[in-house]
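> One structure follows; several queries about it will come next.
The values are calculated or read from the model by the stated rules, or taken from the named source; none is laboratory data. Not measured: the values here are computed from a predicted model. Cβ placement follows ideal geometry from the backbone for every residue including glycine, while neighbour counts extend to all protein chains displayed.
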Number of protein chains: 2
Amino acid sequence: MSEQFIELRKMFLRTKDDIHNFMDILTPRIENAKDDHERLYYHHIYEEEEQRLDRLNALIPKMESSLESELLQTPENTEFIRLLQDISLEKFGLHNFLEHLDLALFTFKDTEYAERLHQMRNTTNTDYQTIKGIMNLLNQQFDGAAFAAGSIPTDEKEGVNDSLKIEKYTTTPAHDHEDHNERVTEKKPMKRLTVGSLKGKKEVI
Amino acid sequence: MSEQFIELRKMFLRTKDDIHNFMDILTPRIENAKDDHERLYYHHIYEEEEQRLDRLNALIPKMESSLESELLQTPENTEFIRLLQDISLEKFGLHNFLEHLDLALFTFKDTEYAERLHQMRNTTNTDYQTIKGIMNLLNQQFDGAAFAAGSIPTDEKEGVNDSLKIEKYTTTPAHDHEDHNERVTEKKPMKRLTVGSLKGKKEVI
């Protein structure tokens, strides 16, 4: 079984719990909104996170099924590559959640929910850095095939003016996950890396 | 060539233009935001629409390729079914865009952009109703396989309290697309419908 897939599965289960918590926090704001604008605003974020929940609920069983059949984890298996690409989209989903939480921290900062939102924000930030590292590694192992269109936030895109980015999302903090120290550009995977196993083995020619 | 795919392709090219227009409208708001909260708010919507643009830029060539090889449009072709599911997610994307535009109309209502936003809002609303009809039809033809997790907005979900929905999105206006008159629940496709062709032929036993 793949260590990375096990870690990602745990991460997705953790963020599912956080989505439920976040939806519960948003619910009274939708129901007691002072006007149509406020109601639409909270409804909109609620709906986007509920959609992420739906996606994760479909993705996690596919990951579990893949974990049970490791022999099929090859670049030739299009279903497996699609699975990696779906995971790659959930990387963007975690970044998006981070921004939802940061937006909420502006309007909930003086409420009983502020501490819980801060905790979720910190967990999500750590998880986002972890999934970035894992996806970089998987892209090395599968020669860039784990990349999906729509997986890179504006904040991390090359060729986008800094005036459109938010600085705190553009810097990558140091972290302690052993597989994440090597930065590989996602859009242009290094062609000279060999396709390794999902065990985390790294072989550079 | 499938009439529905041609219509969807036109719709996606149209919404791509609107995404660009919308991003251009948002740009000065991000760059000249009065504080960090406002900057994050506009940046966040910009980023989500840019992600939708990335997804559409990957999806449209796949649709064009599928249009050129109609023989492969079968329920047994997993790549084709995944294409239908990707299109289904863009149905949600159009609903989400509608909400982004409605949110923008609150804050841009007294600006030079209001009329353009209204036009985009109306086009998007019409397109959303059209894609819903087309996806219902494709779900009939492919026995529910065109459904993707994450394709149904909170506003249209059964089992969600009305207090969390926005009324104007829960009602389906009348429209003139001939394929959309027959309503089929997406989550529970009618098992007794035959699998038809993509030409729009409907056979009900």
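> For segment A:1-27, give me the residue count where each residue is assigned to a helix (DSSP H, G or I) and under 19 Å from A:Asn136 (Cα atoms).
Residues that pass the stated criteria total 10.
> Output the qualifying pairs, or none if there are none: Cβ atoms under 6 angstrom, residues six or more apart or on different chains, first residue in segment B:104-120 and away from every other protein chain (no Cβ under 14 Å), second residue charged (D, E, K, R).
Hits for this filter: B:Met120/B:Asp18.
> Sticking with this structure for a sec: Within segment A:127-146, which residues are assigned to a helix (DSSP H, G or I), among the charged types (D, E, K, R) and either in contact with a Ser or Thr (Cβ under 7 Å, 6 or more places away or on another chain) or touching a residue at least 60 places away in the same chain (Cβ under 8 Å) (or both)?
A:Asp127
> Take segment B:22-51 and flag every residue that is closer than 16 Å to B:Leu103 by Cβ and either of a type in the set (S, T, N, Q) or exposed (fewer than 15 other Cβ atoms within 10 Å of the Cβ) (or both).
Result: B:His37, single match.
> What number of residues in segment B:147-176 are in contact (Cβ under 8 Å) with a residue 12 or more places away in the chain and over 24 Å from B:Asp18 (Cβ atoms)?
Total meeting the criteria: 2.
> Take the residues in segment B:52-73 that are surrounded by 13 or more Cβ atoms within 10 Å (Cβ to Cβ), among the polar types (S, T, N, Q) and over 19 Å from A:Glu158 (Cα atoms), then tell me which one is modelled with the lowest pLDDT.
This residue is B:Gln73.
> Something else now. Across segment A:49-66, what is the total count of residues that are within 7 Å of another protein chain (Cβ to nearest Cβ) and either touching a residue at least 40 places away in the same chain (Cβ under 8 Å) or of a type in the set (A, V, I, L, M) (or both)?
Summing the residues that are within 7 Å of another protein chain (Cβ to nearest Cβ) and either touching a residue at least 40 places away in the same chain (Cβ under 8 Å) or of a type in the set (A, V, I, L, M) (or both) in segment A:49-66 gives 2.
> Continuing with the same structure: Give segment B:29-43 a look and list any residue that's assigned to a helix (DSSP H, G or I) and either in contact with a Cys (Cβ under 6 Å, 6 or more places away or on another chain) or at the interface with chain A (Cβ under 10 Å from one of its Cβ atoms) (or both), or say none.
B:Ile30, B:Glu31, B:Asp36, B:His37, B:Glu38, B:Arg39, B:Leu40, B:Tyr41, B:Tyr42, B:His43
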